[in-house]
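**Q** Below you'll find the structure I mean.
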Amino acid sequence: MRMSDLVANTIVTQLERRGVPRVYQVPGESFLGLLDALRDSPIDLITARHEGGAGFMAVAEARLTGRAGVVAVTRGPGAANASIAIHTAYQDCTPLVVFVGLISTHVRDLESFQEFDLKAWFGSTAKAVFILDHPASAAERVARAFEIAESGRPGPVVVGLPEEVLVQRAPGVVPVPRTERPPLALTAASVSAAAGAIDAAERPVFVVGGDGWNAEAAALLRRVAEQAGIPVVSDFRAHDAFPHESPAWVGSLGFGRNAGAAEAYGSADLVCYLGTVRRDVLSDEYTLGGDESCTIVVSPDADLLGHEGQVSLQYVADPQDWLRALTSVRAATPARIDRLQRERAAYLEWSTPAAERTGEDEWRGSVFGEMQRQLPEDAIITVGAGNYVIGALRYLHHQHPRTFIGPRNGAMGMGVPAAVAASHVHPGRTVVALAGDGCFGMNGQELATLQATGGRAIIIVFDNAGFGTIHSHQERHFPGRPAGTSLTNPDYALLARAHGIEASAISDLADFGPALRRALAADGSTLLWVQLPPVPTGAALPTGGREQPSGVRG
C-alpha cells in the first residue's frame, strides 16, 4: 500500500511543488520506492534504454526550459553510465538534478554489491553531492538540490538515495516551497560605468553565452547592438542566443568559427561578456582576445569559473536584467558602422552555401542549405559531437533562443536522446536530431524511447564510416597512418524500420531535399541515412581553421 508519509513520496511531492514535468530514468532495484511513488504522480516517467541517454534527455530538458532537468539512475554501473551527462551539465553550466539509488546503510563500507563512494565519484564534476540518510531532512535536501542547481553558475547536483530510507516514514515533514529570488536592483545608475565604457570604445563587441537566453533578452541586446553599431558573437554552441537575421550578428567563436567573428572579438578594445566568460574554447585556448583595454562580465557566477584575463567591471547578475538597465548608449559612429558592415558581410559570405565549394563543404552546403530552406523558423536542432556539427554551426540560421541543443564539452551521443526530450517539451514543433555514425552509435538505441513515448523527430545520420574528427587529426600528426578510427556500420534505414520509424537511405545528395520534405510532412518520426564517402587517407583538418580539438571524438 502506498504510504503518503514515506520518504519517497515526500521527494515526489517536492518535485510536484516545483512543477517538474518529467523524470527521465533507467530503473534499478535501489530506488524502487521512488518509482512506486512516481507511479501515482502526474509527473511523466520517461524510461530510457541507457543511463547516458536518460541523462542527456534531462540536460536537454534543462536547456529548453531554463529549469533543472531530473534523471534517476541506480547505483554503481547506472551512476557510471550517467556520468557523461553530469560532466556535460557541469562544463556546460546547465542545471541538473540526478537521483542515484544507493545500497542500504547497514551494508555500507563493506564492499557490498555495486557499492561506490558517491561523493568521491562526483565531487569534482557536480556543484554538490547529498546523501539522504535522514528521513526528516528529505524535503529540505531535495529543495536545496534544485536551488543549488539553478542558482549562480548553474550545474548538476547529485542526490544519493539509500534503498531502505526511501520506504521509511518521514512524519510531520512539510514540503519546502520554492525559494524566491528577487532580481538584483540594477538601474541605469548602477550600470553607468559600463555604459560610459561602451560609449568610449572604438571597437566594442558583445559575447553571448550560457543557457539563460529568451526572446526578451535577445530583443534587448539586439536593440542596443544595432543602435550602437556593436557586433555580437557567441560562445561555442551558444549561437542560438541571438537572432542571426540581425545586422549586428557576425558569427560564433570556438571550433569551426568564422573569420568575421574572430576579427570582431580579437581586435576589440572592449569586450562585454553576457552570460559567459573568456573560456578556453571561445578564445582558441586563450590565444585570441584578451588584449582589450576594458573587459565587462555580466554573469550570475560570482566566481567567474573558467575565466582567464582581466575583468574591469563585473556584474553578478542575469544578462537580461543588466540589459534592461542599460538604457542609454551612444548611436553608432561611421567607423563602427563600417567595421560592423565588414564583419557582417564576411559572416554572410561564409554562412551561405556556394556551388563552387567542393569536398567537405560541398556536402555540408548541400545538406544544411536544404535544411535551412525547408525547416520552420522555430525548429529545434539537437546534436552530439563531430565534424558534421560544423555544417549546422555554419549554415543553419537561428532566430530564436533555445533552438539548438548540443554539448559544449564535446560529448558524443546527445543528438537522439536530446530529441526525445525536445519532442515532449515542445510536442508541436519540428525537432531534428543530427548524428554522425560514431555519434549515433553511442545512444542510437534511444530511438526505442522516442517511439515508446510517442515522440516525433527527424533523425539525420551522417555516415562516413569512421570517427572522422580523430581520423583527420591523425592525418595531421601521423600522415598516412590511420589507426582505430574506421567503423563498419549497419544498415541504418533497416535499423530505424525495426523501431517502427520510416527511413530513407540517401547516397545521392540530390535526393536529400525530397526526402527531407517527406519527413517534414510525415505524422511520425523519420530517419534519413546520408551515405558519405569514407574519410580518405590524406584528408587532414585545415591548419588555419579550428574544427574540433584532438580530445573530441566524432
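**Q** Quick one: compute the contact order of the stretch 192-348, relative version, from alpha carbon pairs under 8 angstrom and 6+ residues apart, as a percent.
**A** 29 percent
**Q** Hey, what does the equivalent ellipsoid look like for the stretch 83-140, semi-axes from the Cα gyration tensor as sqrt of 5 times each eigenvalue, largest first, whole Å?
**A** Value: 23, 16, 8 Å, ordered largest first.
**Q** Take the alpha carbon gyration tensor of the stretch 192-348, find the square roots of its eigenvalues, order them as a ≥ b ≥ c, and report rounded if a/c is under 1.5; if not, report prolate when a/b exceeds b/c, else oblate.
**A** Rounded, since a/c falls under 1.5.
**Q** Please arrange Met412, Met57, Met371 by counting, for each residue, the other beta carbons lying within 10 Å of its beta carbon, fewest first.
**A** Lowest to highest Cβ neighbour count: Met371, Met412, Met57.
**Q** Tell me the label-point distance for the pair Glu115, Leu32, using the 7 Å Cα-to-Cβ offset, in nm and rounded to one decimal.
**A** Computed distance between label sites Glu115 and Leu32 equals 2.1 nm.
**Q** If packing is taken as the average number of other Cβ atoms within 10 Å across a peptide's residues, how do 376-388, 138-150 rank, most packed first?
**A** Top to bottom by mean Cβ count within 10 Å: 376-388, 138-150.
**Q** Quick one, what does Rg over Rh come out to for the stretch 398-446 if you take C-alpha atoms and the Kirkwood Rh?
**A** 0.97
**Q** Further, regarding this structure: When only Cα pairs under 8 Å and 6 or more residues apart are kept, what is the percent relative contact order across the stretch 7-167?
**A** 27 percent
**Q** Next question. If packing is taken as the average count of other Cβ atoms within 10 Å, what order do 177-183, 10-16, 39-45 fall into, highest mean first?
**A** Result, highest mean Cβ count within 10 Å first: 10-16, 39-45, 177-183.
**Q** Hey, another quick one. If I model a spin label as a point 7 Å beyond the Cα along the Cα-Cβ vector, how far apart are those points for Thr287 and Asp511 in nm?
**A** 4.3 nm
**Q** Next question, about the same structure. Can you give the extra length, in nm with one decimal, that the chain gains between Arg178 and Gln372 once fully stretched, where that is 0.36 nm per residue apart less the Cα-Cα distance?
**A** Computed gain between Arg178 and Gln372 is 65.8 nm.
**Q** Still on this model: Over what distance in Å are the Cα centres of the stretch 435-453 and the stretch 47-78 separated?
**A** Distance between centres, Cα-based: 14 Å.
**Q** Give me the net charge for the shell around Glu343: Cβ to Cβ below 12 angstrom, other residues only, Lys and Arg +1, Asp and Glu -1.
**A** Around Glu343, the surrounding residues sum to +2.
**Q** Can you list residues from other chains, or at least 5 along the same chain, whose modelled amide H is less than 5 Å from the amide H of Phe404?
**A** Those qualifying (amide H under 5 Å, at least 5 residues apart or on another chain) are Ile381.
**Q** Kirkwood Rh over Cα pairs of the chain into Stokes-Einstein at 37 °C, 0.692 mPa s: D in µm²/s?
**A** Here the translational diffusion coefficient equals 135 µm²/s.
**Q** Taking the alpha-carbon centroid of each part, what is the distance from the stretch 269-322 to the stretch 219-252 in angstrom?
**A** Cα centroid to Cα centroid, the span is 16 Å.
**Q** According to the square roots a ≥ b ≥ c of the eigenvalues of the Cα gyration tensor, what is the shape class of the stretch 278-339, taking rounded for a/c under 1.5, prolate for a/b larger than b/c otherwise, and oblate for the remainder?
**A** Since a/c reaches 1.5 but b/c is at least a/b, the shape of the stretch 278-339 is classed as oblate.
**Q** For the stretch 7-167, what class follows from the C-alpha gyration tensor (a ≥ b ≥ c being the square roots of its eigenvalues): rounded when a/c is under 1.5, otherwise prolate if a/b is larger than b/c, else oblate?
**A** Because its axes are fairly even, with a/c under 1.5, the stretch 7-167 counts as rounded.
**Q** Ignoring everything except DSSP H segments at least 4 long, calculate the 222 nm mean residue ellipticity for the chain; use -39,500 (n - 2.57) per segment, divide by total residues, nearest 500.
**A** -10500 deg cm²/dmol
**Q** Starting from the 7 Å offset along Cα-to-Cβ, what nm value, one decimal, do you get for the label separation of His106 and Arg497?
**A** 5.6 nm
Any read-out appearing in this document is the output of simple, stated calculations on the displayed coordinates, not a laboratory observation. Worth saying up front: this structure is predicted, and the values here are computed from it rather than measured. Because the Cβ atoms are built from the backbone with ideal geometry, glycine has one as well, and the counts that use them run over all protein chains shown.
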